[in-house]
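Asks: Have a look at the structure that comes next, please.
Laboratory data are not the source of any read-out in this text; all were calculated from the coordinates shown. Small disclaimer: the values here were computed from a predicted structure and weren't measured. No Cβ is skipped: glycine too gets one built from the backbone with ideal geometry, and neighbour counts run over all protein chains shown.
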Amino acid sequence: MRYQDPLKINCEKCGSTDSYPVKALLSLTAKCFNCGNSLEKHGLEMREFILENNAYISTVEFILEIESKLNIEFSDEEADSIETIKDLLSLATSKNNESKDITQLIIFNALQALGYDTLPDSGTKLKSLFLHDRKPGNWVRVD
């Protein structure tokens, strides 16, 4: 994910539009050149977009990893329908010759590689496994 740098931002307070360094926006230190108003809201919106985008990509990669480990393939429509651990387990079980227990173990092993020491609740949204808070210092990298 890459933002145009510098990025044009419109100040809500004075209405002026200027270009600001992405690093300053993401680190929440950018201030309007005209009136000095904090542009924190824009930086927070950018952070949220990055988190959501990264979580989506990580979820897709995780589903692809499960397909590979189970030697199965989901259609695009099936993959798009997977929202929870339960959805993934049900669909993966229906697609392979392994038992539900073996399929669950394979999914759990993949989750362990991500740092989970227990299988999350079956209703857990897959995307939520990949949403992580970032420390302000981590927001300087934008690619």
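Asks: For a quick check: sort Tyr56, Tyr20 by the number of other beta carbons within 10 angstrom, fewest at the front. Provide the component values of the computation, followed by the final result.
Replies: Working: Tyr56 13, Tyr20 21.
Least crowded to most crowded, the residues run Tyr56, Tyr20.
Asks: Something else now. Assigning unit charges at the beta carbon (Lys, Arg +1; Asp, Glu -1) and nothing else, what dipole magnitude in debye, to the nearest 20, does the chain show about its Cα centre?
Replies: Approximately 820 debye in magnitude.
Asks: Counting other beta carbons within 10 Å of each Cβ, put Lys41, Lys127 in order, fewest first.
Replies: Neighbour counts put them in this order, fewest first: Lys41, Lys127.
Asks: State, as an integer percentage, the relative contact order of the chain based on alpha-carbon contacts under 8 Å between residues 6 or more apart. Intermediate values should be presented prior to the final figure.
Replies: Values: 155 pairs, mean separation 38.6, N = 143.
Relative contact order comes out at 27 percent.
Asks: Related question: Taking a virtual spin label 7 Å from the Cα of Asp18 along the C-beta vector, which residues in segment 39-56 bring their backbone nitrogen under 15 Å of it?
Replies: 39-40
Asks: Just one of (i) 76, 26, 9; (ii) 42, 14, 12; (iii) 42, 20, 14 is semi-axes √(5λ) of the Cα gyration tensor in Å as worked out from the coordinates here. Which one is it?
Replies: Here semi-axes √(5λ) of the Cα gyration tensor in Å agrees with entry (ii).
Asks: By how many nm would the segment from Lys69 to Asp5 lengthen if fully extended, with 0.36 nm per residue of separation less the alpha-carbon distance? The partial results should precede the final answer.
Replies: Working: separation 64, 0.36 × 64 = 23.04 nm, distance 3.97 nm.
Computed gain between Lys69 and Asp5 is 19.1 nm.
Asks: Run the reach check for Lys13 against aspartates and glutamates, Cα to Cα strictly under 15 Å, same-chain hits fewer than 8 apart removed. What comes back?
Replies: Glu40
Asks: Past 22 Å, Cα to Cα: identify those pairs from Lys31/Lys127; Lys100/Lys125; Lys23/Lys127; Lys23/Lys125; Lys86/Lys127, in the order given. Write down the numbers at each step before the final one.
Replies: Working: Lys31/Lys127 33 Å; Lys100/Lys125 19 Å; Lys23/Lys127 26 Å; Lys23/Lys125 31 Å; Lys86/Lys127 13 Å.
Pairs exceeding the cut-off: Lys31/Lys127; Lys23/Lys127; Lys23/Lys125.
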